[in-house]
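S.K.: I am attaching a structure below and will ask some questions about it afterwards.
FYI, it's all coordinate maths here, none of it is from the lab. Keep in mind it's a predicted model, so treat the numbers as computed, not measured. All Cβ positions, even for glycine, are placed from backbone atoms using ideal geometry, and neighbour counts span all protein chains on display.
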């Protein structure tokens, strides 16, 4: 394993966490343990740092810990860090609903298998190296299952982040630059066309390229957003190869 700095974020010190830290140190990693605090986490922002969030067994019954982890994951996402989040499998669904941006990170169930964790860290090192050169894409889709599929399709070629609601996209794009937004046309509350209208009306985001992901390619749906000049449409029935080809064409590859 390439030498890297790993920050383990945990609710409290424990034998299990110390054991994980020891094994990672044996692999040549520099390991630091910190409390569930955004101020603590932000102290260790550096290009070669990987964050591992070790969740408590009772996180869903602990509003203080849940709020802290939510803020930490959102902070890491905003600063373009990907975390490995270790928690109970039974909590995964609820955590994904409570912390939507968690879908942009890696969830591993506990008890963690160290070989899998080490292999995942190695893959993340490779991903981070590629991300420095890759185009950045924000995927906006309220269907977590579809978003996960698309992320898996694109993650080896592009730097991809995911949000699951229109207003989350507006917030993310007001704070982060991306090369392209893949925007779901049909979403509850704030749908894709409304998101595009809001982006175009803000000088900060007016020129962000947007391609719609849609299950409807009717003339009416196209006409509704024509004045806001999206960069195109991709049907959700597109295969992995078709999607990659369309994105490569867009980026001129």
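S.K.: How tilted is helix 166-175 with respect to the longest principal axis of the chain? Cα atoms for both, answer in degrees (0 to 90, nearest 10).
M.R.: With rounding to tens, the tilt is 70 degrees.
S.K.: Evaluate the Debye formula for region 5-130 with equal point scatterers sitting on the alpha carbons, no solvent, and hand back log10 of I(q)/I(0) at q = 0.14, 0.15, 0.19 Å⁻¹, in q order, two decimals.
M.R.: The computed values of log10 I(q)/I(0) come out as -0.54, -0.63, -1.08.
S.K.: Run the helix sum for the chain: -39,500 (n - 2.57) per DSSP H stretch of 4+ residues, divided by residue count, reported at 222 nm to the nearest 500 deg cm²/dmol.
M.R.: It lands at -12500 deg cm²/dmol.
S.K.: Would you work out if region 45-116 is rounded, prolate or oblate? Take a ≥ b ≥ c from the square roots of the eigenvalues of the alpha-carbon gyration tensor; rounded if a/c is under 1.5, else prolate when a/b is larger than b/c, oblate otherwise.
M.R.: Numbers: a/c = 1.78, a/b = 1.17, b/c = 1.51.
Oblate.
S.K.: Let me ask something else about it. Which shape class applies to region 134-250: rounded if a/c is under 1.5, otherwise prolate when a/b exceeds b/c and oblate if not, where a ≥ b ≥ c are the square roots of the Cα gyration tensor eigenvalues?
M.R.: Judged from the Cα gyration tensor, region 134-250 comes out rounded (a/c under 1.5).
S.K.: Where both partners of a DSSP beta bridge lie in the chain, what percent of those bridges are antiparallel, to the nearest 5?
M.R.: So the antiparallel bridges in the chain amount to around 0 percent.
S.K.: How far, in nm, would the chain grow between residue 92 and residue 114 when pulled straight, counting 0.36 nm per residue and subtracting the alpha carbon separation?
M.R.: 6.0 nm
S.K.: A further question follows. Starting with the fewest neighbours, write out 54, 172 ranked by other beta-carbon atoms found within 10 Å of each beta-carbon.
M.R.: Sorted ascending by nearby Cβ count, the order is 172, 54.
S.K.: Report the FRET efficiency, 1/(1 + (r/R0)^6), for residue 57 and residue 235, where r is their Cβ-Cβ distance and R0 is 51 Å, rounded to 0.05.
M.R.: The pair residue 57/residue 235 has a calculated efficiency of 0.75.
S.K.: Between region 110-181 and region 27-66, what is the separation of their alpha carbon centroids in Å?
M.R.: 19 Å
S.K.: Once you sort the root eigenvalues of the Cα gyration tensor of the chain as a ≥ b ≥ c, which label holds: rounded (a/c under 1.5), prolate (a/b larger than b/c) or oblate (the other case)?
M.R.: prolate
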